[in-house]
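Data first, discussion second: the structure below is written as C-alpha cells.
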Amino acid sequence: MIHLLSQDTINKIAAGEVVERPISVIKELVENAIDAKATAITIEIEEGGLKLIRVTDNGIGMSPDEIKNAFLRHATSKIEEASDLMTINTLGFRGEALASIAAVSIIECMTKTKNAITGIRYSIEGGLSKAFEDIGCPKGTTFVIKELFYNVPARKKFLKSDKTEGNYITDLVNKMVLSHPGVSFKYISNGKVKLHTSGNFSIKDCIYQVFGKEYVKHSKEVKYKNGNISITGFVGSPVISRGNRQYEIYYVNNRYIKSKWIQKGIEDGVKDGMMINQFPFAVLFLEMPFDLVDVNVHPNKMEVRFDHEEDIRKYFKEAVTSALNHNEPIVEVKLTDKKDKELEKIITRERQKILKDAPEPFEVKRIEKSVNKTENNISVLEHNVESKQLESEQPEVKQLEVRNIEVRNMNKFLDKQKIKKHHVIGQAFKTYWIVQYANELYIIDQHAAHEKVLYEAWINAVKDISIPSQVLLEPVVHELSDKEYHVYDIFKEDISKLGFDVENFGDNTIIVKSVPYLLNTPMHDLDFIHFFDQLVEGETSIKQENQYLHKLASIACKAAIKGNHKLSEIEYKYLIEQLLDLEDPYHCPHGRPTMIRMSKYELEKKFKRIV
Ligand code: ADP
Ligand code: MG
C-alpha cells in the first residue's frame, strides 16, 4: 500500500540532510549570525551540544514578521531570484536551516532589531509553534536548542560520544575564529570558557588564542599576489611541524575547504627542512574571483573545484616558499653597464672563493644527477635498469637488491675489518654520505641508516622496558584539546614506559619533564608533540595491534630522529659500526634502502672511458 507521508515526516527527512549532528546546528547558527553582521558571537554547548546549544549574536536581529518566516522551509532573506545564486556572497542561502533544526529539537529564539522597543521570544517544539511573546532583550539574536534529535531516535544512534561531538564543534569553532578575526568569539563548553577572542581583526591574535604562543612565534606571514588572486595568512617553520595534516588549514574566499591541490602546494612550499611524515602548520586564505572556483560541489562536504588546479598549487608553493625565505640575508649582486671597479672586484673575489671550495665540478654534477634519479630506485645506479618500470618500491626492486647484496658479500662493505678501509669522501645535501670502498662508490642515506639503528635500539629497549630518560632543563607545558587530552589519558602509562616523564597539570594541560634518551640521541623537547600527534592520529587503531608497545616505540623513535642533522665523520663512522650489528642493515624500518652503490666500472662507462 502506498502512503502519503505526513508533513511532520517530510520535515524530519529534510532535516536529516541539513542537520546531521550537533556540529551542523552550530555551523548554521554561527553562519547566520555572521550574515546578520554580528561583531560578537557567543557559542555555548552542553554535553557535546546534545543537551544544549546556545548561540547569541549582536547582529541586526529580526522583526516580528521576519522571525515567523525564518522558520519556514525555503524562507531566506538572502536571495530573491535564481539569478542571485551566481553572485551570492553570504554563507548560507538555502533557507532551510532553521526549519530543519526546528523539526528535530526544542528551539527558542529571542531577537530584537536596533529600532524595536521590545524583543520577541518565539518557541517551537518538534516543528509546532508554542509561544510568541514580547520580551526585553538586547539588540541581536539568541537561539537556544535543547534536546536535539529527541524525536528522531534513529539519528541519535549514529552520533558519537558527547565528548567526540564536542570535539567536532571545537574544531569548527576554531576554524570559524581563524577566518573571522573581526568577530569576537566566546566559546563555552559545559560551563567552561574554552576560547575568547577580541575581534580586533588580527589573524595573528586568533592563532595565538587557538593554538598558543609557540605557533605565533614560529610562523611567518604570507602575503602573495598574482593577477587577480591573493594568498595571505601564516605558515609555520619546520620547528612546529606536526605529525598529521590537521594543522594545514586553508580557506577559499573565506570558506574553510579541503583541496589536494592546495595541500600539495603548501607542502611543496615548506619541503626544505621538513622531514618525511611531518606536515606544516598553516592558516592561509585564498581570495579569487568567484567564477573561477566552484565551492558548491557538495554543500556539506568541503570539496571545491578550481578551473586551473595546477596553477593553484603553484601559487601556494610560491606564497609559502617566499614567506619562509623572506628573512634570509641573501645579497643579490648585479652587474651594471657602467663598469664599477669595486663591484667587479667583489664579484671576482666571490667567484674565486666558490671555485676554491667546490669539489671537482664534473664529478659532483654526475653524482648529483644520479642521486636524484635514484631516490627510490637503486637499480639505475647498479645496472642501469629502465627506471620507468621500477618507479615505486616494487617486488622486482627487492629482488635486484638481494642479488646485489649477494654479489657484494665477497668484498663486504659492512664488515668489521673492512670498514677501516672506507674512504669517506663527504656528505651531499646534508643527507647522503659518499664513501669509496674497493672498486665502488657507496651512497648512504644518513637518515634511513640512523632511523634503522635507532629503531632497533628502541624495539630492544621496549622489550626489557628499560628506556633511559633525560631530564629537560626546562620542562615543557602543552595545552591539549579535549580530544588530545582524552588520548593522553588512554596512553599515559605507556607514555611513561617509553621514557617520558609527563605530569598532569590540570585543565587539559600536561607538563613534560623528561624525554627518552637512546644511543646518544636525546629527544628534543618539542619532539614529544610529534610523537603525541601520531598517537592522536592512530588513537583507535594502535591499541588493537597485538604488539602495540612496539608500535608506540616505533612512533617515538620516528619522532626522535631529526631532519637535516649534520653528522661529523666520526659520528658517521659510529653510525656505520652500529649498522654492522643489525640483522638487515640494508633497509630502513619502512623497507627503503639505507645505501646504494655505483661501481667504478659504471662510472667509467658513463664517462665513455670504456665502451
Ligand atoms: P538562510 O540562512 O539560508 O537564509 P536559515 O534557515 O538559516 O536560512 O535562516 C532563515 C532566515 O532567518 C535568514 O535568511 C535570516 O533572514 C533570518 N535569520 C536567521 N538567523 C538570524 C540571525 N542570527 N540574525 C538575524 N536574522 C537571522
Ligand atoms: Mg542560514
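Descriptive notes on the structure:
Residue-by-condition table, conditions (1) touching a residue at least 12 places away in the same chain (Cβ under 8 Å); (2) closer than 30 Å to ILE249 by Cα; (3) over 27 Å from the mean Cα position of the chain (by Cα):
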residue	(1), (2), (3)
PRO138	yes, no, yes
ALA154	no, no, yes
GLY166	yes, yes, no
THR170	yes, yes, no
HIS180	yes, yes, no
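- Tally, over the range 536-549, of residues that are modelled with pLDDT of 80 or more and surrounded by fewer than 18 Cβ atoms within 10 Å (Cβ to Cβ): 1
- Filter result for GLU46 (closer than 23 Å to VAL183 by Cβ, modelled with pLDDT of 90 or more, more than 12 Å from ligand 1 (Cβ to nearest atom) and surrounded by fewer than 18 Cβ atoms within 10 Å (Cβ to Cβ)): yes
- Pairs with Cβ under 6 Å, 6+ apart, first in the range 90-110 and closer than 22 Å to VAL152 by Cα and among the hydroxyl-bearing types (Ser, Thr, Tyr), second modelled with pLDDT under 95 and near ligand 2 (Cβ under 10 Å from one of its atoms): SER100/VAL18
- As a summary of the residue check, ASN226 satisfies the conditions (1) under 21 Å from VAL293 (Cβ atoms); (2) more than 18 Å from the chain's Cα centre (by Cα); (3) buried (at least 18 other Cβ atoms within 10 Å of the Cβ) except for the one numbered (3).
- Criterion violated by ASN200 - all others in (1) polar (S, T, N, Q); (2) out of contact with any Pro (no Cβ under 8 Å at 6 or more places or on another chain); (3) without any contact (Cβ under 8 Å) to a residue 60 or more places away in the chain satisfied: (2)
- Residues located in the range 139-171, provided they are within 19 Å of VAL210 (Cβ to Cβ) and in contact with a Lys or Arg (Cβ under 6 Å, 6 or more places away or on another chain): ASN167
- Selection count, the range 128-165, where residues are buried (at least 16 other Cβ atoms within 10 Å of the Cβ) and in a strand (DSSP E or B): 7
- Selection status of LYS78, surrounded by fewer than 20 Cβ atoms within 10 Å (Cβ to Cβ), at pLDDT 85 or above and basic (Lys, Arg): no
The values are calculated or read from the model by the stated rules, or taken from the named source; none is laboratory data. None of the values given here were measured: they were computed from a predicted structure. All Cβ positions, even for glycine, are placed from backbone atoms using ideal geometry, and neighbour counts span all protein chains on display.
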